[in-house]
Amino acid sequence: MQEELKMNGWQENGAACFSLVGYVNIETADSLLEYIRSRSADIKSSKFIFDVTGLEYVSSAGIKIFMDLYDKYKFSGGKMIFINMKPDVKRVFDLVGFMKYFIEASSFDEAMNNI
Amino acid sequence: MNQNNAEYHLFSGSSLLEEDTKNRLAEEYESVRKRNSKLSISFSTRDFSPPVKLGFLQQKTREVLALFIDNKIILSDLLIAFEEAAANIIEHSYSAGEEPVIDFRFLFDNSMITIIIDDFGKKGGDFRIENTGRFSSPEDIGENYLKTGGGMGLFLIRRIMDKISYEVKPGEYNRFTMLKHI
């Protein structure tokens, strides 16, 4: 089993939306960062929705990407919402105390209502 | 190592753990637990064709840990600690472009898992685990990261593992050891 990351990005109601499936680790983090950068440049939004229903694993390499994104947009109305975060993925954010910077949602509709 | 302990060095070009190996290790684990001893499973970057990527090593580590750890949270925690430790070792013990030589050993017994990572990098000793003591809480690390952009990896290891140590034997090896009660 190859520990890969599949990404999909689109724009909806002014938010930059991403679907992440697989593993965000030191091997895949660079491609995630590059993908978010390229899509964000197209979408030009400070609001981000990540559907992480299919995300199996995240390490500090991935958390750093989300934190840097938060840091970049925190003073310009930025928001970051994670949909369907698995307990073991959420735990990593909790371990470093970062969940306070993000919003959790259980569905895409709920995420949209929070944007 | 105690003579009652069981040691296995795993190597295979394509799959680290074939089904019959898994079954043999499961039986051995039950046996060492009854004897109150340890099961040691090891592999090395030397077992694989270079370049050996960290993601690949983590995948092999997942296969080993998943043999005996059913709890998904504990398994995920251990993989996080492994990734952070290995990334730090590669960064601090080896120069850019240098192919790291690292030996990994996993010790299982009734109540704990110990992960021992030996590297042979010339830059050994440049890795300071005591620096992690400067964060006392997750809140500290969050605010610190936003200010400085660093310090998260080793803090995560400390949060996950019960004990860590780093030993440098110049000319021999640098050994990072992590222990967790399970």
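What follows draws every value from the coordinates through simple rules; no lab data is involved. None of the values given here were measured: they were computed from a predicted structure. As a convention, Cβ positions derive from the backbone with ideal geometry for all residues, glycine included, and neighbour counts pool all protein chains shown.
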Which whole-Hz couplings ³J(HN,Hα) result when phi for each residue of the range B:47-62 is put into the Karplus expression 6.51 cos²θ - 1.76 cosθ + 1.60, θ = phi - 60°, listed in order with x for Gly and Pro? 6, 10, 6, x, x, 9, 8, 4, x, 5, 5, 5, 5, 5, 5, 4
Treating only the Cβ atoms of Lys and Arg (+1) and Asp and Glu (-1) as charged, compute the dipole magnitude of the range A:1-89 about its Cα centre; round to the nearest 20 debye. 480
Using a 10 Å cut-off around each Cβ of peptide B:80-90, what is the average number of partner chain Cβ atoms that fall inside? 3
Just flag the trypsin sites (Lys or Arg not before Pro) in the range A:1-52 sitting in loop per DSSP whose Cβ has no more than 12 other Cβ atoms within 10 Å. A:44
For the protein assembly as shown, what is the charge dipole size about the Cα centre, in debye to the nearest 20, if Lys and Arg each add +1 at the Cβ and Asp and Glu each add -1 at the Cβ? 640
Could you work out the Rg to Rh ratio of the range A:70-115, with Rh taken as the Kirkwood radius (inverse of the mean 1/r over all Cα pairs)? 0.99
Name the chymotrypsin sites (Phe, Trp or Tyr not before Pro) in the range A:75-115 that are in a loop by DSSP and that have at most 10 other C-beta atoms within 10 Å, would you? A:75
Quick one: net charge around residue B:101, please, counting Lys, Arg +1 and Asp, Glu -1 for every other residue with C-beta under 12 Å from its C-beta. -4
Past the 20 Å Cα-Cα mark, which pairs from A:72/A:100; A:44/B:147; A:6/A:72; A:47/A:72? A:44/B:147; A:6/A:72
Need the list of lysines near residue B:38 for cross-linking: C-alpha distance under 17 angstrom, and skip anything on the same chain fewer than eight residues off. B:22, B:180
Among DSSP bridges having both ends in the protein assembly as shown, what percentage is antiparallel? Round to the nearest 5. 65
Rounded if a/c under 1.5, otherwise prolate or oblate - the range B:1-106, Cα gyration tensor axes: prolate
Among A:75, A:59, A:36, whose Cα sits farthest toward the positive end of the charge dipole of the range A:1-84 (+1 at Cβ of Lys/Arg, -1 at Cβ of Asp/Glu, about the Cα centre)? A:75
Counted charge near residue A:49, where neighbours are those whose Cβ lies closer than 13 Å (Asp, Glu -1; Lys, Arg +1): -2
Name the aspartates and glutamates eligible as straight-distance cross-link partners of residue B:72: C-alpha to C-alpha under 20 Å, and not fewer than 8 places from it in the same chain. A:3, A:4, A:56, A:88, A:94, B:63, B:83, B:84, B:109, B:162
Note: A:82-94 gets an average of partner chain Cβ contacts (10 Å, Cβ to Cβ) equal to 2
Let me make sure I get this right: for the range B:141-182, a, b and c are the square roots of the gyration tensor eigenvalues over alpha carbons, sorted descending. Under 1.5 in a/c it's rounded, otherwise prolate if a/b > b/c, else oblate. Which is it? oblate
Sequence of B:92, B:9 once ranked by neighbouring C-beta atoms within 10 Å, starting from the fewest: B:9, B:92
Rounded, prolate or oblate: pick one for chain A, where a ≥ b ≥ c are the square roots of the eigenvalues of its C-alpha gyration tensor, a/c under 1.5 means rounded, and failing that, prolate if a/b is larger than b/c, else oblate. rounded
